Amino acid sequence: MRTRPGFALLLVALGCAAPAHAELDRTERAIARHVADGQPAAEALLQRVVDIDSPTENTAGVRAVGDAFAQELRAIGFSTRWVELPAGMKRAGHLVAESGGKRGKRLLLLGHLDTVLSGERFRRDGSRAYGTGTADMKGGAVVMLQALKAMHAAGVLEARPITVMLTGDEEDAGMPLAGSRGPMLELARDSDAALSFEAAIDGTATIGRRGINSWTLEVKGETGHSSGIFGAERGSGAVYEAARILAAFQAELGAEKYLTINPSVIVGGTKAALEDYRGTAEGKTNVIAPTAIARGDIRYISLEQERSARERMQAIVERHLPRTQATLRFDDGAYPPMTPTPGNEALLEALDGASRDLGLGPVAALDPADRGAGDIGFIAHLLPCLDGLGSGGGGNSHAPGEYTGLDTMTPMAQRAAVLMYRLTR
Ligand SMILES: [Zn+2]
């Protein structure tokens, strides 16, 4: 992927001169200073939005977090609107804010307002801020705002075409996806690059995120007295067939880079049922099991990898053991991958340059295996994208005890602000 000529061309296409170790110019120094000055306000805003509970299903809470950010964005000249989604979708909708600028490259800044869990209030402990969403990703949305405010204070925000989209259902996207993600696709089609402020991981940025989908394996076999198993009349039963298929997934696809297939739940027996992620089963030891059902996920770095893996999985399924049948079904709600591209690499190089010039050290690409799927995958096929620009977090994401490093906010916002300034210059 690291094709230098392609990178150089794209860098030019993005309007980014990015000499390797240039100094900051006077404007950039002013931006960096304004970011640092904005730290107390950023911390106060983080506390305010973390203390508004906003798990995806709490649409009023998500909307309230959106209103808080909308107010801040309007204060620096953005016009804001709320994108409503159909009521049946049971999702809050999205906040969109536009600078209205016309000069230079058009940037789309992404983040989300919702959280997976709820209930942990903002709590400061030294340089750490604990609370639901501090790391994923209210901290990142605050870093985005801290960067924009600094650009505004330095007088370089006006006239730059910057669009902010904070989605209300990143953690559990409304279905159908075409409806809940359509507005983002529209904005991406009118943009030249997308920057997403999900949590930064160990000083890296993200040029690739794997896509994800779910699958269900349903297996049928003959039943009868257990002594008949392995025989021609009864065959192998459903449990052996399910085990064969899953073992073959690992044996034949398990070594492929960035491809993972995780069977998360399995039931089998004379009676077996699975609803979402909860199953029931029963079967006496002297009876051959006629039913087995398994469910799981699949993650992939490109649509090509997904297609190829699906084909091989189906081929494995079709090699049935005697007197068994099986079907493998994939869900409709796939999160597409953010496949690493030369355009994404170019953005990373520009961020790396900004970071070095700020004296903040180099920025490397995060291994795509170290991060789950995200909203940016829906638009990554349309334009150069970079993710992981938010605050540095810690603790288990999607689990109690998450925190963000308050001391990461200013450096991350400085990097992002100088990057945005250079991209739109
Ligand atoms: Zn997130």
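If R₀ is 22 angstrom, what is the calculated FRET efficiency for the pair residue 117 and residue 87, using the beta carbon separation as r and rounding to 0.05?
Efficiency at R0 = 22 Å is approximately 0.30.
Which value in deg cm²/dmol, rounded to the nearest 500, describes the helix-derived mean residue ellipticity at 222 nm for the chain, given -39,500 (n - 2.57) per DSSP H run of n ≥ 4 and division by the residue count?
Numbers: 10 runs with 147 residues, N = 425.
The per-residue figure over the chain is -11500 deg cm²/dmol.
Using every alpha carbon pair in the range 197-272, what percent of pairs falls into each 5 Å bin from 0 up to the bin containing the largest distance?
3, 11, 17, 16, 13, 11, 9, 7, 5, 3, 3, 3, 0
Only helices at least 20 Å long along their axis, Cα-based, and averaging -1.0 or more on Kyte-Doolittle count here, so list those DSSP H runs from the chain. Walk me through the numbers on the way to the answer.
On the way: long enough: 59-75 (24 Å, 0.18); 139-153 (21 Å, 1.04); 237-253 (24 Å, 0.78); 303-318 (23 Å, -1.08); 342-357 (22 Å, -0.53); 406-424 (28 Å, 0.30).
Those that clear 20 Å and a mean of -1.0 are 59-75, 139-153, 237-253, 342-357, 406-424.
How big, on average over all directions, is the shadow cast by the Cα convex hull of the range 269-425, in nm²?
Approximately 13.7 nm², given one-decimal rounding.
At q = 0.19, 0.30 Å⁻¹, what is the base-10 log of I(q)/I(0) for the range 47-107 according to the Debye formula with one equal point scatterer per Cα and no solvent? Please give it to two decimals.
-0.76, -1.21
If I take the Cα coordinates of the range 140-285 and project them onto the principal axes, what are the three extents in Å, biggest first?
82, 31, 25
Which whole-angstrom value gives the distance between the alpha carbon centres of the range 165-198 and the range 230-277?
With the range 165-198 and the range 230-277 each reduced to a Cα centre, they are spaced 35 Å.
Evaluate the charge dipole of the chain about its Cα centre and quote only its size in Debye, nearest 20, assuming +1 on the Cβ of each Lys and Arg and -1 on the Cβ of each Asp and Glu.
Charge dipole of the chain: 480 debye, to the nearest 20.
Suppose the chain between residue 297 and residue 23 were pulled fully straight at 0.36 nm per residue; how much longer would it get relative to their current alpha carbon spacing? Could you put the intermediate results ahead of the total?
Working: separation 274, 0.36 × 274 = 98.64 nm, distance 4.66 nm.
That pair, residue 297 and residue 23, stretches by 94.0 nm at full extension.
Work through the residues other than residue 324 whose Cβ is under 12 Å from its Cβ and net out their charges, Lys, Arg +1 and Asp, Glu -1.
With Lys, Arg at +1 and Asp, Glu at -1, the neighbours total +1.
Taking 4 °C and 1.567 mPa s as the conditions, I'd like the Stokes-Einstein D for the range 75-180 in µm²/s, using the Kirkwood hydrodynamic radius from alpha carbon pairs.
Estimated via Stokes-Einstein, D reaches 84 µm²/s.
Give the residue from 286, 305, 353 lying farthest towards the positive end of the charge dipole for the range 269-425; charges sit on Cβ (+1 for Lys and Arg, -1 for Asp and Glu) and the dipole is referred to the Cα centre.
286
State, to one decimal in nm, how far the label point of residue 67 lies from the label point of residue 127, with both points 7 Å from Cα in the Cβ direction.
3.6
Relative contact order of the chain, please, whole-number percent, based on alpha carbon pairs below 8 angstrom and at least 6 residues apart.
25
State the extension gain, in nm to one decimal, for the chain segment bounded by residue 178 and residue 233, taking 0.36 nm per residue of separation less the distance between their alpha-carbons.
Full extension from residue 178 to residue 233 adds 15.0 nm.
Would you please report the Å³ per residue occupied by the convex hull of the alpha carbon atoms in the chain?
Per-residue hull volume (Cα only) is 139 Å³.
Laboratory data are not the source of any read-out in this text; all were calculated from the coordinates shown. As the structure is a prediction and not an experimental result, all values here were calculated from the model. Quick reminder, even Gly has a Cβ in these numbers, built from the backbone with ideal geometry, and neighbours come from all protein chains shown.
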